[in-house]
Each structure stands twice: as C-alpha cells, then as structure tokens.
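The values are calculated or read from the model by the stated rules, or taken from the named source; none is laboratory data. Fair warning: this is a prediction, and the values are worked out from it, not measured in the lab. Here the Cβ positions follow ideal geometry from the backbone for every residue, glycine too, while neighbour counts run over all protein chains shown.
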C-alpha cells in the first residue's frame, strides 16, 4: 500500500457556520465542501450532522462535524490541553509574527513565538476549544541529520524507562554547532 497523503482530518465543532467563518477570517482557509445527512452513512444511525471541509493548503483538508443531537462537546479530562492540537506550517517567521499580531488584534489570546530549536510556533484556540499551532521551520539539515541518527535509540530508551532520553539534549542547550545556528 502507498499512502499518498491525509485525505482529511475531522474534528467536532459547536457551530459549523461560525467555524467556517472563523477559519476563513483568521487563517485564510477556503470553505470547499459541505455535506449534511440525517443518517450516518457508516453506521446507518439516525443522527443528523453538518460536515464542513476547509482547504488547509497543498491538498490538506481540515473538516468539522456539527452534531446537534449529541451531548455538548467536551475534551479528554485526563489529557493536558497542550497535548491535543492541530499544527499548521507557515512559510516564514515574518508570516508567523504577522499572523500572531492579527490574531491578537482580533482579541484572540496567543502564546509565543515559542522556540523549539527546529521550528518556532504560536499557539491559540479556535471557537470550539481546539488548540491550534502555527509553526515555521528554522532547523538546518545538520540538525535534522543529528536527530535522524538517534531516533530509534531514543524511542527504545523511552520504551524501557519512560524518562526523556538525552540523545538530543543539544536542542535545549547551547551545544549547537556553528552550521546548526
């Protein structure tokens, strides 16, 4: 099997129209498709829904379901809010900062830019409570090579100890080589 790309990723929303308008206004995503049914195609359950699709760029599609007959949306109380998020790549640090400024001017609380060594990012929430991240890559080929060389050792150590391996501790210290800066 050859997976070509993610067809779409779907999340729940409180209000489909509000969600589409928010993503168009704040992230410049185009509204590309709406599907509404009174019965779920896969289960045949009688459960009306609105399913909207937004263009997230380069063939990526972000979709949402509004489910008026289901209990109010919640989130997994056992998972910290920072864990579950949708991250979108932007082309430059200038775009990242301009978007941060635009979001803040619209009254949206933004964290960042946060420096992750390989990329810088900002974080904020959509009107449904989904955490979003915009990220701009800043890593060098040398940095990615160093990480590639230790990925399996890190994963194996983690599987045994459930403690953060130190194979890539250089990312969080001042141990970057001149080529990596």
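Can you report the number of residues in the stretch 39-83 which are in contact (Cβ under 8 Å) with a residue 40 or more places away in the chain, surrounded by 11 or more Cβ atoms within 10 Å (Cβ to Cβ) and closer than 21 Å to residue 120 by Cβ?
Number of matching residues: 2.
Could you tell me whether residue 31 is surrounded by 10 or more Cβ atoms within 10 Å (Cβ to Cβ), under 16 Å from the mean Cα position of the chain (by Cα), assigned by TED's automatic domain parsing to the domain that holds residue 10 and closer than 19 Å to residue 17 by Cα?
In short, no.
Please verify whether residue 87 is surrounded by fewer than 16 Cβ atoms within 10 Å (Cβ to Cβ), touching a helix residue (DSSP H, G or I) at 6+ places or on another chain (Cβ under 9 Å), modelled with pLDDT of 95 or more and assigned to a strand (DSSP E or B), treating the condition exactly as stated.
no
I'd like the full set of residues that are closer than 18 Å to residue 73 by Cβ, outside any helix (DSSP H, G or I) and at pLDDT 95 or above, limited to the stretch 1-46.
9, 10, 11, 12, 13, 14, 15
Residue-by-condition table, conditions (1) assigned to a loop (DSSP other than H, G, I, E, B); (2) under 19 Å from the mean Cα position of the chain (by Cα); (3) in contact (Cβ under 8 Å) with a residue 12 or more places away in the chain:
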| residue | (1), (2), (3) |
| --- | --- |
| 96 | no, yes, yes |
| 129 | yes, yes, yes |
| 134 | no, yes, yes |
| 147 | no, no, yes |
| 150 | no, no, yes |
| 154 | no, no, yes |
| 160 | no, no, no |
| 165 | yes, no, yes |
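Would you check if residue 103 is in a helix (DSSP H, G or I) and in contact with a helix residue (DSSP H, G or I) (Cβ under 8 Å, 6 or more places away or on another chain)?
So residue 103 passes the test.
I'd like to verify a number: residues in the stretch 108-135 that are surrounded by fewer than 13 Cβ atoms within 10 Å (Cβ to Cβ) and more than 24 Å from residue 74 (Cβ to Cβ), how many?
Total meeting the criteria: 2.
Can you find even one residue in the stretch 39-48 that is touching a strand residue (DSSP E or B) at 6+ places or on another chain (Cβ under 8 Å) and within 16 Å of residue 132 (Cβ to Cβ)?
Among the residues of the stretch 39-48, not one is touching a strand residue (DSSP E or B) at 6+ places or on another chain (Cβ under 8 Å) and within 16 Å of residue 132 (Cβ to Cβ), which makes the answer no.
Report whether or not residue 64 is under 15 Å from the mean Cα position of the chain (by Cα), assigned by TED's automatic domain parsing to the domain that holds residue 113 and part of a strand (DSSP E or B).
It is false that residue 64 is under 15 Å from the mean Cα position of the chain (by Cα), assigned by TED's automatic domain parsing to the domain that holds residue 113 and part of a strand (DSSP E or B).
Please go through the stretch 75-94 and give me each residue that is under 15 Å from residue 136 (Cβ atoms) and more than 14 Å from the chain's Cα centre (by Cα), ordered by number.
Within the stretch 75-94, 91, 92, 93, 94 qualify.
So which of 16, 94, 36 is loosely packed, with under 11 Cβ neighbours inside 10 Å and farther than 18 Å from residue 131 by Cβ?
94
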